1. Within the stretch 118-168, which residues are more than 20 Å from Met36 (Cα to Cα), among the polar types (S, T, N, Q) and open to solvent by 30 Å² or more (accessible area, probe 1.4 Å)?
2. Given (1) more than 28 Å from Lys113 (Cα to Cα); (2) β-branched (Val, Ile, Thr); (3) touching a residue at least 60 places away in the same chain (Cβ under 8 Å), where does Val45 come up short, assuming only one miss?
3. With Tyr121, Tyr128, Tyr139 as the choices, which residue is in contact (Cβ under 8 Å) with a residue 40 or more places away in the chain, part of a helix (DSSP H, G or I) and touching a Pro at 6+ places or on another chain (Cβ under 7 Å)?
4. Any chance you could count how many residues in the stretch 42-99 are open to solvent by less than 60 Å² (accessible area, probe 1.4 Å), closer than 22 Å to Ser135 by Cα and not in a helix (DSSP H, G or I)?
5. Identify, from the list Val21, Val45, the residue that is β-branched (Val, Ile, Thr) and under 20 Å from the mean Cα position of the chain (by Cα).
Amino acid sequence: MEKVVIAVLLFVLLAVWMISVRQKLAAMNENINNAMNQIGVQLDVCFDMLMPLIELTGVHAAQERETLEKLAVAGRREITAKSTPEEVLGQEKIIAEALELLNAVADRNSGLKATEDYRKYMDAVRCYEKMVHTSSLIYDDFVGKLNKSIGRFPTSLIAGLLGFRQREYLEALEKEDNRNKSE
């Protein structure tokens, strides 16, 4: 009888521990998804701030406006909790390319740079770029915590059974992309 009670207690303790680990991993996963959603919102606002800049560019350089519109509109993708770091990096590249073109047009047309609207929207884009960077750091922090937990025994066994997998960092992709650019 004592052996049965001990076995039942061990089973109950194991079940409670497994539930606890699952809850912890689910919370970490939710934090990662929330951080990715936040990145998506901030990238969306960056694109929204680019559109008035593109319209302003059209007043000074119609050909560049067309190019910028194609780049910003055709390349824009929604970033959600299910998005990958590669998709985020792709959106950041499109914004960077658009800003590079905008700056080139503004350098050729001093009247554009002098407008209050140009400065206002450019400041807003830069502000949201910084927010995206901060959110990316938060995302990477949550990914690091999840990956570290999943990498530890015996949590790795439970994570594997429950379908939790390690996630990819944004920072590592950005560094890899920057290395590829410099080669």
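1. Ser156
2. Result: Val45 passes all but (1).
3. Values: Tyr128 fails: touching a Pro at 6+ places or on another chain (Cβ under 7 Å); Tyr139 fails: touching a Pro at 6+ places or on another chain (Cβ under 7 Å).
Checking each option against the conditions leaves just Tyr121.
4. Here the count works out to 5.
5. Working: Val21 fails: under 20 Å from the mean Cα position of the chain (by Cα).
Within the list Val21, Val45, the selection yields Val45.
The values are calculated or read from the model by the stated rules, or taken from the named source; none is laboratory data. The structure presented is a predicted model; accordingly, all values stated were derived computationally and were not measured. Every residue, glycine among them, receives a Cβ derived from its backbone with ideal geometry; neighbour counts consider all protein chains shown. In case anyone asks, the SASA skips ligands and DNA or RNA and just uses the protein heavy atoms, side chains included. Shrake-Rupley method; radii C 1.70, N 1.55, O 1.52, S 1.80 Å.
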